[in-house]
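Presented below is the structure to which this report refers.
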Amino acid sequence: MKYSHQLLTVAGILIVMLLLSNCKNSKNLKKMETANQHSIFPKGQRLPTDWFTGEAFLHPLVVKDKNHEFSAGAVTFEPGARTHWHTHPKGQALIVIEGQGFYQEKGAEARGIKKGDVVNIPENVEHWHGASATTKMVHIAITNYKEEVQVTWMNPVTDEEFDKVNH
Ligand code: MN
């Protein structure tokens, strides 16, 4: 009788420990989910479909002024979103701060890019950048001006071109 009572006590303690550890795990999970939902910058304003395919957003960070011959902004690409093909007369630097996507120069293989990657884009090289088909991507874009011009827009990246880099 005494023995079975001890067994019950041990079983009870084990159950309580199990419940506590589950509770801790779900708390940690919740913390991680919350962190993932919080980006460094606000999403900003939707970018025009004249130059972007899918849902892309811009949050301006630094504007051209008497000292800065560049602008900087955080660009959010939802899954499947990307720029049209384009060039920059004085180049551009991209710093990926969230998620993953692609950078591709015309006639070259696409480069997979992810949080922490930096892309240095030369002047007058036709290219596009954006999310992957299934993941969002956020980058800071630092874009130089040549007089008043910082970008020349070209054709959209077709679904065929986009599918190809995603497979
Ligand atoms: Mn660009």
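The values are calculated or read from the model by the stated rules, or taken from the named source; none is laboratory data. Since this is a predicted model, take the numbers as computed values, not measurements. Reconstructed Cβ throughout: ideal geometry from the backbone, glycine too, with neighbour counts over all protein chains shown. The accessibility values were calculated without ligands, DNA or RNA, using every heavy atom of the protein model including side chains. Shrake-Rupley method; radii C 1.70, N 1.55, O 1.52, S 1.80 Å.
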Fill in: Asn124, sole failed condition from (1) touching a Leu at 6+ places or on another chain (Cβ under 7 Å); (2) surrounded by fewer than 15 Cβ atoms within 10 Å (Cβ to Cβ)
(1)
Worksheet item: Based on what the data block shows, is Ala133 open to solvent by less than 60 Å² (accessible area, probe 1.4 Å) and within 16 Å of the ligand (Cβ to nearest atom)?
Response: no
Worksheet item: Any idea which of Gly107, Gly73 is crowded, with 17+ Cβ neighbours inside 10 Å and among the small types (Gly, Ala, Ser)?
Response: Gly73
Discussion item. Assigned to a loop (DSSP other than H, G, I, E, B), within 17 Å of the chain's Cα centre (by Cα) and in contact (Cβ under 8 Å) with a residue 40 or more places away in the chain: is that true of Thr134 in this structure?
Written reply: yes
Worksheet item: Considering Ile121, Ile95, which residue is under 20 Å from Gln45 (Cα atoms) and in contact with a Gly (Cβ under 9 Å, 6 or more places away or on another chain)?
Response: Ile95
Discussion item. Residues that are within 14 Å of the ligand (Cβ to nearest atom), surrounded by 13 or more Cβ atoms within 10 Å (Cβ to Cβ) and part of a strand (DSSP E or B): does region 37-52 have at least one?
Written reply: yes
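Residue-wise test of (1) free of Cβ contacts under 8 Å to residues at least 24 places away in the same chain; (2) within 11 Å of the ligand (Cβ to nearest atom).
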position	(1), (2)
Ala74	no, no
Glu78	no, no
Trp85	no, yes
Ile97	no, no
Glu105	yes, yes
Ala110	no, no
Ile113	no, no
Worksheet item: Restricting attention to region 63-77, does a residue exist that is under 22 Å from Asp50 (Cα atoms) and out of contact with any strand residue (DSSP E or B) (no Cβ under 6 Å at 6 or more places or on another chain)?
Response: no
Worksheet item: When you scan region 137-155, how many residues do you find that are surrounded by fewer than 14 Cβ atoms within 10 Å (Cβ to Cβ) and either of a type in the set (S, T, N, Q) or not in a strand (DSSP E or B) (or both)?
Response: 4
